[in-house]
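Visitor: Structure incoming, see below.
FYI, it's all coordinate maths here, none of it is from the lab. What you are looking at is a predicted structure, and each value in this text was computed from that prediction instead of being measured. With ideal geometry, Cβ positions are generated from the backbone for all residues, glycine too; neighbour counts draw on all protein chains shown.
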Amino acid sequence: MLVAALITGACTAPGNVEESAPTPPPDPLASADRLLAQGQYAQAAAAYQALPADAPPEQSARALGLAALAWQEAGDLPRAAQLLAAQGPAAASNPLLALAGARAELRAGQAETALAHAQAIEPTTLAPYARGVRARVIAAAATGLRNFPVAGPAWIEAFALPHPVTEQTIMGEAALGSLTGLGAAELGQRIAASAADPAAHGWYSLAALAQQANLDPTAVAPRLDEWRQRHPGHPATPLIEGILERASAASARPARVALILPFDATLGTAGRAVRDGFITAWFRDGQRQARPALTVYPNGGDDILKDYQRAVADGAQFVIGPLQKNLVERLAASPDLPVPVLALNVVDARPGAPAARPGFYQFGLTPEDEAAQVARRAYGVGTRALIIAPSSPWGTRLGAAYGRAWQSLGGTVLGQVVYSDAADAYVAAIRRALNIDVSEARAAALRRRLGIPLHAEVRHRADIDVILLAALPNNARQLLPQLRYFGADSIPVFATSNVYAGASSAERDVDLNGLVFGDMPWLFGQVDRESYDLVRRSWPGPAASYARLYAFGIDAYRVLPFLSRMRARASMRVPGVTGDLWMDTDGVLHRNMSWLRFDDGVPTVIGEADGLGTR
């Protein structure tokens, strides 16, 4: 009866027939949007391109941009490129086409350009899907450039926005790799700062656990279970098993190792500090049953191959050393190295040299490595740098390293000023650096020309963005006050660890206020305070002057189980006392330093984006 009533109610009396309103045609843009949301990218791209020619300009621009992005998502790069090429220069004014162009640059291997172009697009002008593409482009480009402070947060953002389900596994591995690329101290700061954001907090805290798992997978396993319970449904959950598998696979240890070091009058103090640091790490190794047997061999600069062969004959499964660069070069050139080596210095790369062999690793506290990091840090301030360095072989080496690193970033080196230890050398150097002498000469020439006692205010050059300083503590204490005296307080100064003596001296170092430098986290209580205190108690004299070499020995021991895995995975980080360790494809270990700024004469740990205070 209900159906009948409905049918009856739908009828009209004869002569009163009403025509129903015509069904509106489907909105092609809305249909394309639905296809895009469903992940049917090729169909969505075709639908966007099929938009009628008489559509409003803003709809046409949006459709063209989304069509290019969707073709890229579908893997049809030729069609996306063809669409971009057809727009010509006009593509730059369309944020969506500009984003597609940035992604095309990334695929073409132009990571720096892609990153700059993607970051220039204002995200508030984009809908969620396009914002997700922007985040993925920035994340992937920054990862390729090893810019992990940018890459990590971008991957987190990308997961929170629409993205292809099929890419989640790759995105997750890339996100975790970038986040573990952050220093342990930086991760700790981000964990605290993200407490109100469950998704970000989960990513940062998992990355910190992944770093610790590399050192002790057994101890971290329960904490990973706690993480899983605390973050149910988190997109990073599928990565947990991989973290444990990689950590366990990487923790295989050699049964016997040989340590070859100099103990002669020239390098004996350094050799003993490295040895004692190595033994400290061995003594404090939590996995006591897995500790390798250790034999120490002295080498005074003679035949390193003979020492190596002796160690192998004695049953060594891994050789650590030597410390001298010339001996590392000799060992690296040997065609027969049946047992892997961790050399404690780094040989200079030569053009055309053969690729490093799989079992040969190098680890050193090199000025070049520190200079490259300082340059990258300073480059965030500006592109024009002035280098100030001493007139010594070490100053020449560090100044050249600054210059190479700065130019490789795309910056301009305005010049390099050298100074000596003479009493008046510091004033003269800063006057030359700031062009004070040029300004005074110009004023004097004007007085002579006019023939009147003209007063002229001397001004320093205004084109310096940053100063890259090579200096020991006493040098820096003389140079920075001169910068203030000549009114250059606002120019940020960056330096390597050489600027800090290793022990706080606030009364003397107040002249260094505002200076930013990189150094080992171990010296500032950021990591493994127990080992630091043990070393200072055990060797109170040498440890005061050679603390960095003790730390070097500690990391040489702790990194051994992970060397082959680090070489295979460029994103892998092993937290060390000298810094967070990573390896390039040539088997050279690098370390990400902690960053500090002198405040009231005391080195103060700062974050990745901090440190631009005045002096």
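Visitor: Subtracting the Cα-Cα distance from 0.36 nm times the residue separation, let me have the gained length for T125 to K325 in nm, one decimal. Walk me through the numbers before you get to the answer.
Guide: Values: separation 200, 0.36 × 200 = 72.00 nm, distance 5.50 nm.
Net length gain for the segment: 66.5 nm.
Visitor: Here's a follow-up. FRET efficiency for A219 and A86, Cβ-Cβ distance as r, R0 = 56 Å, nearest 0.05?
Guide: For R0 = 56 Å, the calculated efficiency reads 0.45.
Visitor: A follow-up question, please. First obtain the Kirkwood hydrodynamic radius of the stretch 256-363 from its Cα pairs, then insert it into the Stokes-Einstein equation at 10 °C and 1.306 mPa s, and state the resulting D in µm² per second as a whole number.
Guide: For these conditions, the coefficient is 110 µm²/s.
Visitor: What percent antiparallel are the DSSP beta bridges of the chain, to the nearest 5?
Guide: 30 percent
Visitor: Turning to a different aspect of this structure: Return D580, D533 ranked ascending by Cβ neighbour count within 10 Å, so the fewest neighbours appear first.
Guide: Ascending number of Cβ neighbours within 10 Å: D533, D580.
Visitor: Right, another one. For the stretch 29-250, what ratio Rg/Rh do Cα atoms give with a Kirkwood hydrodynamic radius?
Guide: When Rh is taken as the Kirkwood radius, the ratio is 1.04.
Visitor: Could you derive backbone 3J(HN,Hα) for the stretch 582-598 from the dihedral phi with the Karplus parameters 6.51, -1.76 and 1.60 (θ = phi - 60°), listing whole Hz in sequence and x where the residue is Gly or Pro?
Guide: 8, 10, 8, 5, 8, x, 9, 7, 10, 9, 8, 6, 7, 10, 9, 9, 6
Visitor: Could the peptides 163-173, 485-495 be put in order, highest first, of the mean number of other beta-carbon atoms found within 10 Å of their residues?
Guide: 485-495, 163-173
Visitor: Next question. Given Cβ point charges of +1 (Lys, Arg) and -1 (Asp, Glu) and nothing else, what value in debye, to the nearest 20, does the dipole of the chain about its Cα centre take?
Guide: Dipole of the chain, to the nearest 20 debye: 1400 debye.
Visitor: May I pose another question? For the stretch 325-392, with only Lys/Arg (+1) and Asp/Glu (-1) charged at the beta-carbon, what is the dipole magnitude about the Cα centre, in debye rounded to 20?
Guide: Taking the Cα centre of the stretch 325-392 as origin, the dipole is about 180 debye.
Visitor: Assuming 0.36 nm per residue, please report the length gained on full extension of the stretch A503 to S93 beyond their Cα-Cα distance.
Guide: Here the answer is 142.1 nm.
Visitor: Continuing with this model, one more query. Name the shape class, rounded, prolate or oblate, that the alpha-carbon gyration tensor gives for the stretch 155-219, where a ≥ b ≥ c are the square roots of its eigenvalues, rounded holds for a/c under 1.5, and otherwise prolate holds if a/b is larger than b/c and oblate otherwise.
Guide: It comes out oblate by the Cα gyration axes.
Visitor: Using Cα atoms only, what is the angle between the long axis of helix 128-144 and the major principal axis of the chain, expressed in degrees (0 to 90) to the nearest 10?
Guide: Roughly 20 degrees between the two axes.
Visitor: Oh, and also: Tell me what the chain gives for mean residue ellipticity at 222 nm when only DSSP H runs of n ≥ 4 count, each as -39,500 (n - 2.57), the sum divided by the residue total, rounded to 500 deg cm²/dmol. Mind showing how you got there, number by number?
Guide: Details: 26 runs with 315 residues, N = 615.
Taking each H run of at least 4 residues, the total per residue is -16000 deg cm²/dmol.
Visitor: Using mean Cβ contacts within 10 Å as the protection proxy, how do 186-197, 63-74, 280-291, 92-103 order, highest first?
Guide: Ranked from most to least packed, the peptides come out as 63-74, 92-103, 186-197, 280-291.
Visitor: Extension gain R536-Y485, at 0.36 nm per residue separation less the Cα-Cα distance, in nm?
Guide: Value of the extension gain: 14.5 nm.
Visitor: Quote the convex hull volume per residue of the chain, based on C-alpha atoms, as a whole number of Å³.
Guide: So the per-residue hull volume is 260 Å³.
Visitor: With a Förster radius of 45 Å, plug the Cβ-Cβ distance of F283 and T412 into 1/(1 + (r/R0)^6) and report the FRET value to the nearest 0.05.
Guide: FRET efficiency, F283 to T412: 0.35.
Visitor: Angle, helix 148-160 long axis vs. longest principal axis of the chain, Cα atoms, 0 to 90°, nearest 10?
Guide: 20 degrees
Visitor: On a C-alpha basis, how far is the centre of the stretch 497-548 from the centre of the stretch 567-606 in Å? Whole number, if you could?
Guide: 16 Å
Visitor: Label points 7 Å out from Cα along the Cβ direction at D586 and A160: separation in nm?
Guide: Here the answer is 4.0 nm between the modelled labels.
Visitor: Here is a further query. What's the FRET efficiency of R529 with A108 using the Cβ-Cβ distance as r and R₀ = 60 Å, to the nearest 0.05?
Guide: Calculated transfer efficiency: 0.80.
Visitor: Could you tell me how many degrees, from 0 to 90 and to the nearest 10, lie between the Cα long axis of helix 198-215 and the main elongation axis, the longest principal axis, of the Cα atoms of the chain?
Guide: Around 40 degrees separate the two axes.
Visitor: Follow-up. Relative contact order for the chain: what percent, with Cα pairs under 8 Å and sequence separation of 6 or more? Before the final figure, lay out each step's value.
Guide: Numbers: 961 pairs, mean separation 67.2, N = 615.
Relative contact order, the chain: 11 percent.
Visitor: Would you mind ranking W203, W406, W227 so that the residue whose beta carbon has the fewest other beta carbons within 10 Å leads the list?
Guide: Ascending Cβ contact count within 10 Å gives the list W227, W406, W203.
Visitor: In percent, what relative contact order does the stretch 256-363 have, based on Cα pairs under 8 Å that are 6 or more apart in sequence?
Guide: Reported relative contact order: 29 percent.
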